[in-house]
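Starting off with a structure, shown below.
The values are calculated or read from the model by the stated rules, or taken from the named source; none is laboratory data. If you're wondering where the values come from, they're calculated on a predicted model, not measured in any experiment. Neighbour counts run over all protein chains shown; Cβ positions are idealised from the backbone, glycine included.
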């Protein structure tokens, strides 16, 4: 799930909303200026419920967002993520040596 806000200072509000109203298991994978991307475990969310909650709350003080989107990861996305994670861990191991 990707959420964009009009102001960078709204990211903390959005983060709290996602973790309490969408999924406590949400993982923030990227935060660039006013765009925040979360990984939502498939077994912890109902897509229809996410749409309803976000649409009902958007552009309020509870959820000050300008746009949002929800997408299902492809197998390629998962593979790239695993490889990047492994490379990051290997880099940490090399620095410790």
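Among residues belonging to the stretch 57-73 that are exposed (fewer than 13 other Cβ atoms within 10 Å of the Cβ) and at pLDDT 90 or above, point out the one that is farthest from residue 9 (Cα to Cα).
Of everything passing the filter in the stretch 57-73, 69 is farthest from residue 9 (Cα to Cα).
Residue 54 passes all but one of (1) crowded, with 16+ Cβ neighbours inside 10 Å; (2) at pLDDT below 90; which number fails?
(2)
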